[in-house]
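These notes are about the structure you will find just below.
The values are calculated or read from the model by the stated rules, or taken from the named source; none is laboratory data. Just so you know, these numbers come straight off a predicted model, no measurement behind them. FYI the Cβ positions are ideal-geometry reconstructions off the backbone, even for glycines, and counts take in every protein chain you see. Side chains are part of the model used for accessible areas, which takes the heavy atoms of the whole protein and leaves out ligands, DNA and RNA. Shrake-Rupley method; radii C 1.70, N 1.55, O 1.52, S 1.80 Å.
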Amino acid sequence: MAGTKLKVTVLYDLWEEEPAAVEEEVPPPRKRTGQKKRKTKPVKHDREEVFEALEKLGHEPSYYVLNGRTQSLVGLAKCGADLIFNLTESYAGDNTKEMQVTAFLDMLDIPYTGSGPHANILAQDKSIAKKMFAFHGIQSPYFATAYRGTIDHAHDISFPLIVKPTSEDGSIGIDAAAVVNSVKELMERVSYIQTEFNSPALIEEYIEGREIYAAILGNYENAYPLPLVELDLSKLPKGMPRIASQEVKFEKDTEAYKLTKSAIAEDLDEETVTKLSEIAIKAYRAVRLRDYGRIDMRISNKGEVYVIEANPNPWLSSAQEFFMAAKRSGLSYTQMIGEIVDLAMARNA
């Protein structure tokens, strides 16, 4: 598909008005003699970076927003795109409806990037994903689910445990209190998850170890791993569980955020890299991810590899882990977006 000019609609969701920035008249700080003015680069949305990359590739991009209203679905059906670059994460603010958006695109017979409804269902419900992993012989932490008095035991489990919603992403519902060490803490956390998110609680054994992310490009038969990335949790405050919580990933003012960072995993031996990459590809295929995805894993202190979850359509910001891995593999941001476009179009050729 390289060289073919396409009309590409960059699709994203926005279901509530973003508050306008309030500008206050604050006197500028007194400048010291010889002090240079620091320049700050404006932070771009991933959709803006994708749009610019599509332009550089010679395509004709445009934006389209799903705002949770029926009219926006009607407009999408009439957009006339050769390809939808799908950046939606929800519909009308409901993360569980991400798969309905892709099902709608399938019904419209419009090609789109990323995983389809099957993958969204299998990967989004973490308890289903873990059962798929088990069927394919992929090691994942032992788990059970609890909802409104009903417990679905998949395994016998032992403390410490981590408790989180079954169907949220972006570390929603995961904070320091998510790791529990007693029946009392477990019951309180399960109640919190059910009340706060109206969701079954996923209860799984907490694996102490290193947090490794495997970014993958490609479709079932031709998927390949990019260099591995590690979220270094070793410097977290004493007593804080080493997990990718909301504080670690998004709350920029917290000590946890400032003390953690993601970087290419440099100190893994070749055998371990091969093992992690092979397991990641197996997990990617098990839940039918396509075009691009990320598999989150843990290496235990004993060297065992556990798949924690699979992420369809991970964040494509140039500051995030997926591009970090793509860049180390030799791809520019524009080339990475070009590969995703080519994979989607080839699948629909």
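Observations, loosely collected:
- Within the set TYR147, TYR91, the sole residue that is more than 23 Å from TYR220 (Cβ to Cβ), surrounded by fewer than 19 Cβ atoms within 10 Å (Cβ to Cβ) and aromatic (Phe, Trp, Tyr) turns out to be TYR147.
- GLN335 surrounded by 15 or more Cβ atoms within 10 Å (Cβ to Cβ), at negative phi and either in contact with a Pro (Cβ under 8 Å, 6 or more places away or on another chain) or among the acidic types (Asp, Glu) (or both): no
- Unique residue being more than 23 Å from ALA286 (Cβ to Cβ) and either in contact (Cβ under 8 Å) with a residue 24 or more places away in the chain or not small (Gly, Ala, Ser) (or both) when the list is TYR63, TYR142: TYR63
- The residues of segment 290-323 that are crowded, with 20+ Cβ neighbours inside 10 Å, more than 12 Å from LEU217 (Cα to Cα) and within 15 Å of the chain's Cα centre (by Cα), listed by number, are ASP296, MET297, VAL307, ILE308, GLU309, ALA310, ASN311, LEU316, GLU321.
- The set of residues in segment 208-229 that are over 19 Å from ASN311 (Cα atoms) and in a loop (DSSP other than H, G, I, E, B) contains only GLU208.
- The set of residues in segment 104-121 being of a type in the set (A, V, I, L, M, F, W, C) and open to solvent by 30 Å² or more (accessible area, probe 1.4 Å) consists of PHE104, MET107, LEU108, ILE121.
- Criterion: outside any helix (DSSP H, G or I) and under 30 Å from GLU48 (Cα atoms) - qualifying residue of GLY338, GLY303, GLY330: GLY330
- Residue match in segment 264-277 (condition: free of Cβ contacts under 8 Å to residues at least 40 places away in the same chain and within 21 Å of the chain's Cα centre (by Cα)): no
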